[in-house]
Ligand SMILES: [Zn+2]
Ligand SMILES: [Zn+2]
């Protein structure tokens, strides 16, 4: 099934087409400048491998970025924060493999504004809700101050381990999320 999410991400679920039981396989086509849909995140309960079929994809982590060319692959252990962006000038085609198939323990590298715990759990209730697994607090980030897009994403900052909040549409960036 080929789907285009509201943010325009071109994603095809090969797991649906193949009926896989233990591995999730998605194919993404990324135009230059586009990233994989979720921004910086980790799965505590899923290992992920990305195989770049065409183009070049740069994977941001909380330390050094990893550049993956066509024909190469990168592996992320459960709990490693990562996201991929096509920073090249031609389209990129990438296969994302995750095992096990389902993931429930997703974390976003933001600090809880109540207790300071790093790693919030995203949920969707009509908009993105970030729950703190430590204190149970529920938080929402303000949308983009520049273009009004409702969802901001997390990216790695200049210093190791530092995160920033960016708008995937217009690129507006802030060092701290604005909670509401
Ligand atoms: Zn908390
Ligand atoms: Zn924006």
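Give segment 52-66 a look and list any residue that's part of a strand (DSSP E or B) and within 27 Å of residue 121 (Cα to Cα), or say none.
Within segment 52-66, 57, 58, 59, 60, 66 meet the criteria.
Checking residue 49 against (1) surrounded by 14 or more Cβ atoms within 10 Å (Cβ to Cβ); (2) not in a strand (DSSP E or B); (3) not assigned by TED's automatic domain parsing to the domain that holds residue 142, only one condition comes out false. Which one?
Among (1) surrounded by 14 or more Cβ atoms within 10 Å (Cβ to Cβ); (2) not in a strand (DSSP E or B); (3) not assigned by TED's automatic domain parsing to the domain that holds residue 142, residue 49 violates only (2).
Within the group 127, 151, which residue is surrounded by 12 or more Cβ atoms within 10 Å (Cβ to Cβ), within 18 Å of the chain's Cα centre (by Cα) and either modelled with pLDDT under 95 or within 16 Å of ligand 2 (Cβ to nearest atom) (or both)?
From the options 127, 151, the qualifying one is 151.
Looking only at segment 73-126, count every residue that is within 23 Å of residue 34 (Cα to Cα), out of contact with any helix residue (DSSP H, G or I) (no Cβ under 8 Å at 6 or more places or on another chain) and touching a residue at least 24 places away in the same chain (Cβ under 8 Å) and tell me the total.
28
Any idea which residue in segment 130-141 is surrounded by the most Cβ atoms within 10 Å (Cβ to Cβ), counting only those that are in contact (Cβ under 8 Å) with a residue 24 or more places away in the chain and under 18 Å from the mean Cα position of the chain (by Cα)?
Looking at the filtered set, the residue picked out is 141.
Can you name every residue in segment 154-174 that is away from ligand 2 (no atom under 16 Å from the Cβ) and part of a loop (DSSP other than H, G, I, E, B)?
157, 158, 159, 160, 161, 162
Answer yes or no: is there a residue in segment 37-55 that is in contact with a helix residue (DSSP H, G or I) (Cβ under 8 Å, 6 or more places away or on another chain) and more than 16 Å from ligand 1 (Cβ to nearest atom).
no
Taking the residues in segment 98-122 that are part of a strand (DSSP E or B) and over 14 Å from the mean Cα position of the chain (by Cα) as candidates, determine which candidate is nearest to residue 69 (Cα to Cα).
99
The values are calculated or read from the model by the stated rules, or taken from the named source; none is laboratory data. Just so it is clear, the model here is predicted, and its values are computed rather than measured. Counting neighbours? That spans all protein chains shown, and the Cβs are built from the backbone with ideal geometry, glycine included.
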